[in-house]
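A short worksheet on the structure shown next.
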Amino acid sequence: MPQTVADDKPGTYDVVVAGGGVIGLTAAWTLANDGHRVMVIDPEPGHGAAWVAAGMLAPANEAYFGEQELVRLLVAGAHRWPSFAAALEEAAGSSIGFEPSGTVVVACDASDRAALDRLLAFRQSIGLDARRLSVSECRRAVPALSPAIGGGAEVPGDHQVDNRLLVTALMAACRGNGVEFAARKVVGVDLDGAGTARGVLTDDGTRVAARTVVAAMGWQTGELGGVPDGLLPELRPVKGHILRLAGRGALLGRTVRGLVKGRSCYLVPRRDHSVVVGATVEEMGPDLRVQSGAVHALLDDARTLVPGIDELELVECAVGLRPGTADNAPYVGWTEVPGLAVATGHYRNGILLAPITGQAIGALVNGTEIPAELRPFGVGQRTERAHGLGASGR
Ligand code: GLY
């Protein structure tokens with residue numbers, strides 16, 4: 001049942017989305033497509049974790065031991081991407097750089113090779129498409145790879161999109177569909193006397209009335225005021241550094257992921273010949289400092305895999321904060337506060353899961369069925385499971 005306030009008031013939005021990251025924007029666009037009057041509130045929409053990302057759509061390379069239910073969700077999320085990309089490009093009138101070309105994953109030394117082989121066997125055992133490659137096969141697929149790599153695998157189903165073009169297009173598509181934006185920060189949910197959400201409060205003291213509130217503020221979602229204790233998910237910021245390197249010609253034709261002495265690293269080529277290198281995974285709290293050690297480690301690992309990056313210009317070093325949860329899976333669904341839904345905790349998979357999450361939020365508000373693969377990730381179910389699990393820190 002949709003949990004909305006029954007009485008319509010003039011000036012009341014159908015839905016206010018707190019947070020204009022890739023999840024909030026996709027939800028807003030989906031809701032506006034369904035005819036809802038929507039407002040997105042964010043001081044800098046599009047500039048959260050999704051801005052400092054590489055845009056990999058990687059159900060196989062993000063599949064880890066013990067996370068089979070999450071992997072089913074990642075695969076379902078990936079299936080939605082081709083049609084989502086086409087619809088968004090048409091609505092926004094601009095490209096989002098969706099590249100459905102596979103990924104090559106490589107190992108550096110013998111222990112990386114052994115770790116990669118174990119992951120490969122696991123991924124194949126749960127039906128994911130991945131094929132072992134020799135060193136020469138890796139280098140035929142990606143000639144810029146170092147001859148010193150220790151072999152790898154082909155992962156045809158892991159694709160990519162240009163994350164910055166994506167959020168820019170989402171904002172254009174939202175605006176084109178009548179979504180309103182307010183450049184403020186949501187600090188709390190406004191509840192009526194019966195404890196039902198009737199809008200939000202922003203940092204300048206404004207109250208924005210809405211029949212439904214969708215909280216999509218990434219790792220800060222759990223800090224929303226006004227909600228009784230224990231009813232919002234527990235989240236933590238997981239710091240990630242990325243680098244952007246600019247080149248004059250194409251160094252890489254496809255995404256490369258690698259294990260370098262146990263550390264993971266990826267290089268994602270863009271159509272403009274730049275390369276995104278990422279990413280660190282750091283439990284540092286809400287720390288946005290760019291640190292030289294992390295930049296050094298990323299450059300070191302990236303040039304071990306692809307020595308030609310030495311010729312590129314280092315044009316950006318940036319930090320983002322992923323919304324981490326106890327078991328690396330998202331929270332999408334109604335909370336126990338009537339009228340308040342959450343869509344957060346997507347950790348390393350926010351861009352991959354944006355279309356299916358947007359669809360689920362649309363379904364919640366419309367009172368229809370959410371995609372089956374997201375059902376285990378409703379707030380109640382997730383909270384129960386989170387209490388039995390510790391952070392893996394991946
Ligand atoms: N999705 C890759 C990362 O979070 O680094």
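Every read-out reported here was derived from the displayed coordinates using simple, explicitly stated rules and does not represent laboratory data. None of these values were measured; they are calculated from a predicted model. Because the Cβ atoms are built from the backbone with ideal geometry, glycine has one as well, and the counts that use them run over all protein chains shown.
Summary of values
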item: Residues satisfying the stated conditions in the stretch 14-39, i.e. aliphatic (A, V, I, L, M) and closer than 15 Å to residue 344 by Cβ; result: 17, 18, 22, 23, 25, 27, 28
item: Residue match in the stretch 26-42 (condition: farther than 19 Å from residue 329 by Cβ, of a type in the set (Phe, Trp, Tyr) and surrounded by fewer than 24 Cβ atoms within 10 Å (Cβ to Cβ)); result: no
item: Some residue of the stretch 92-99 being over 17 Å from the mean Cα position of the chain (by Cα), in a helix (DSSP H, G or I) and crowded, with 18+ Cβ neighbours inside 10 Å; result: yes
item: Residue in the stretch 289-310 that is within 30 Å of residue 84 (Cβ to Cβ) and not hydrophobic (A, V, I, L, M, F, W, C) present; result: no
item: Hits in the stretch 247-302 - residues which are more than 13 Å from the ligand (Cβ to nearest atom) and among the basic types (Lys, Arg); result: 248, 254, 261, 270, 271, 289
item: Filter pass, residue 49 being under 21 Å from residue 258 (Cα atoms) and within 14 Å of the ligand (Cβ to nearest atom); result: no
item: When residues of the stretch 50-77 are limited to those that are touching a strand residue (DSSP E or B) at 6+ places or on another chain (Cβ under 6 Å) and not in a loop (DSSP other than H, G, I, E, B), the one farthest from residue 321 (Cα to Cα); result: 57
item: Output for the stretch 267-293, where each listed residue is surrounded by 18 or more Cβ atoms within 10 Å (Cβ to Cβ) and out of contact with any Gly (no Cβ under 9 Å at 6 or more places or on another chain); result: 277
item: The one condition in (1) buried (at least 18 other Cβ atoms within 10 Å of the Cβ); (2) under 20 Å from the mean Cα position of the chain (by Cα) that residue 112 fails to fulfil; result: (2)
item: Top-ranked residue of the stretch 209-224 - restricted to ones that are away from the ligand (no atom under 16 Å from the Cβ) and more than 26 Å from residue 367 (Cα to Cα), ranked as surrounded by the fewest Cβ atoms within 10 Å (Cβ to Cβ); result: 223
item: Filter pass, residue 337 being touching a residue at least 12 places away in the same chain (Cβ under 8 Å), away from the ligand (no atom under 14 Å from the Cβ), among the β-branched types (Val, Ile, Thr) and in a loop (DSSP other than H, G, I, E, B); result: yes
